[in-house]
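Data first, discussion second: the structure below is written as C-alpha cells.
The values are calculated or read from the model by the stated rules, or taken from the named source; none is laboratory data. Source: prediction; values computed, not measured. Backbone-built Cβ (ideal geometry, glycine too); neighbour counts: all protein chains shown.
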C-alpha cells in the first residue's frame, strides 16, 4: 500500500501546478476499500489512459518530466497482485482521479 500511495502522490504533485490541491481519500464499502488520489493537474486524454502500462511518458516534448514513466504501470501491477482494480478518471487540463479498489479480506 505504501508504494501505491507514494507513486500516486508523486504523480499528482508532479503534474499539478504549485499550490493546487491534491486530495487523498480512503473509502470503505461492504466488500471493498478504495484509495483515491485526485488532483487538478493537466490530466489525460482518453487515448492516454488506454495506453497506461505501455512504459511511456505523455507529452514529454511539451512538458519537462522526471522519471521513466513507470509510476502508473507499477501501481497497476501492484493493485492487480492484490486482487484489486485500478480506475482513472481524467479530463485534459482539468485534473485526474486515480482510484485503487481492493477487496476486503475475509475473516475466518
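The residue that is farthest from residue 87 (Cα to Cα), among those in the stretch 47-75 that are in contact with a strand residue (DSSP E or B) (Cβ under 9 Å, 6 or more places away or on another chain) and modelled with pLDDT under 85, is 48. Residues of the stretch 10-29 that are in a loop (DSSP other than H, G, I, E, B) and within 18 Å of residue 87 (Cβ to Cβ): 15, 29. Only residues that are farther than 15 Å from residue 39 by Cα and under 13 Å from the mean Cα position of the chain (by Cα) were counted across the stretch 73-99, and they come to 9.
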